[in-house]
C-alpha cells in the first residue's frame, strides 16, 4: 500500500531541523500509512545576520516565507519555535498543535577553561563585562540588574554563537535553555536564570505546528501532538503580547504556568513585564485564574501594565527603531 506523503516546512538551522525531525518521528510513529518529508526554507531572519532583528521589524521574520509555502500548498504543515510566531496569523492558517514545552528559561553561558567555567555565574561577572545577545527583553532585564554591562548583538545559529564565545569575543552569552538542551549541549550551560531574574519570551521552549485550517487530514494527524497544559500557558502569553501589540523583538516578557490547588483543580498563573530600553524601568505584574480563561488572563495582565505606563515605554521603543539606545551596539 502506497503511503501518503506529508511535507513539513522548516527552517534549516540545527535546532529547527531537530524540532522538525522530532515532529516527523512522532507523526510516523502514530500513523503507519504516511511518509513524512522535510522541506527546508530560508527565512528573512536567516538571511539578515549583520543587523539587530529589532531594527528590521521583528514580526514574522522567521515564519513569513514558511507560511507562504503553506498557503501555496507546497507543504502540509510547518514546525516553529513558538517564540518566533507572531500573534496574528495569515488568513487560512492556524496553530493546530503546540507540543510539550521544554525548559522555558534563559541560560547564562560562559567559556570553559581547564574543564571549568571561566566565570562561575552571573554574580561573578566583572565590572563592564561584555555580553552577547540580540534580545531586547533580555537586555532590559540584564541592564536593570547590572547597568555596567556592555551588551552587543549576537546573531547566528547555536554553534556560531558558542564559537564566538569560545574565541573570546564575549565574556558570556545568553541563550534559550530549551534549544541548548535539545541539541544535547546542556553541559555548556553555566547557570539557568530563574524567571524572577529573566522573564522568558512569549512561548519560549514550546514548539508550534501550523497548518491550513481547511486541511482536515493534517489537522487530524496533529491532534495527538497537542499538549493541552502547554497550549493553555502559551495561549495566555500570546494574548498578553497581542494586547500590547508587540512583536518578537520587543522588551516584553511573559511566563504562564499551571499550579495545583488543593484537590485536583489547577490554577493558571501568568507573569508579565515591559522594560525600558536602558533597563531603568521594568513594569511587572501577574494574574491568577482558571485555565479555561487563559486568553482573558493574558489580556487583563497586559491592560494592567498599560495602566502602569507600559504603553509609553513601548511607544518610545518603536519611535527609536527598537535598538538605537545605549547598551546595545550593532
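Read the figures in this text as sums done on the coordinates, not as results from a lab. Since the structure is predicted, the reported quantities are computational estimates derived from the model, not experimental observations. Here the Cβ is made from the backbone with ideal geometry for all residues, glycine too, and neighbour counts use every protein chain on show.
Look at 148, 293 and count the other Cβ atoms within 10 Å of each Cβ; fewest to most, that gives 148, 293. Spin-label pair residue 280-residue 5: with each label point 7 Å from Cα along the Cα-Cβ axis, the two points sit 5.9 nm from one another. Maximal additional length on extending the residue 39-residue 181 stretch stands at 48.7 nm, based on 0.36 nm per residue less the C-alpha distance. Spacing of the modelled spin labels on residue 14 and residue 31, each 7 Å from Cα toward Cβ, amounts to 3.0 nm. Modelled spin labels at residue 315 and residue 72, positioned 7 Å past Cα toward Cβ, are 4.1 nm from each other. Each Cα pair under 8 Å and six or more residues apart adds its separation to the average, and for the chain the resulting relative contact order is 21 percent.
Return the FRET efficiency for the residue pair residue 152, residue 288: r is the Cβ-Cβ distance, R0 is 45 Å, and the value is rounded to the nearest 0.05. Spell out each step's value before the answer.
Numbers: r = 38 Å, r/R0 = 0.85.
My answer for the efficiency is 0.75.
Which order do 146, 163 fall in if you start with the one that has the fewest other Cβ atoms within 10 Å? List each step's numbers first, then the result.
Details: 146 17, 163 12.
Fewest to most other Cβ atoms nearby, the residues stand as 163, 146.
Stretching residue 159 away from residue 114 to a fully extended chain increases their span by 14.1 nm, per 0.36 nm per residue minus the current alpha-carbon distance.
Calculate the FRET efficiency for residue 192 and residue 124 from the Cβ-Cβ distance with a Förster distance of 22 Å, rounded to the nearest 0.05.
Values: r = 15 Å, r/R0 = 0.70.
Here the calculated transfer efficiency is 0.90.
Counted by neighbouring Cβ atoms within 10 Å, the residues 82, 260, 1, 197 run from fewest to most as 1, 260, 197, 82.
For region 112-177 versus region 26-41, the spacing of their alpha-carbon centroids is 38 Å.
Could you calculate the contour length gain from residue 64 to residue 217, that is, 0.36 nm times the residue separation minus the distance between their Cα atoms, to one decimal place in nm?
On the way: separation 153, 0.36 × 153 = 55.08 nm, distance 2.33 nm.
Full extension of this stretch gives 52.8 nm more.
For the chain, the longest principal axis of the alpha carbon atoms and the long axis of helix 310-319 meet at an angle near 90°.
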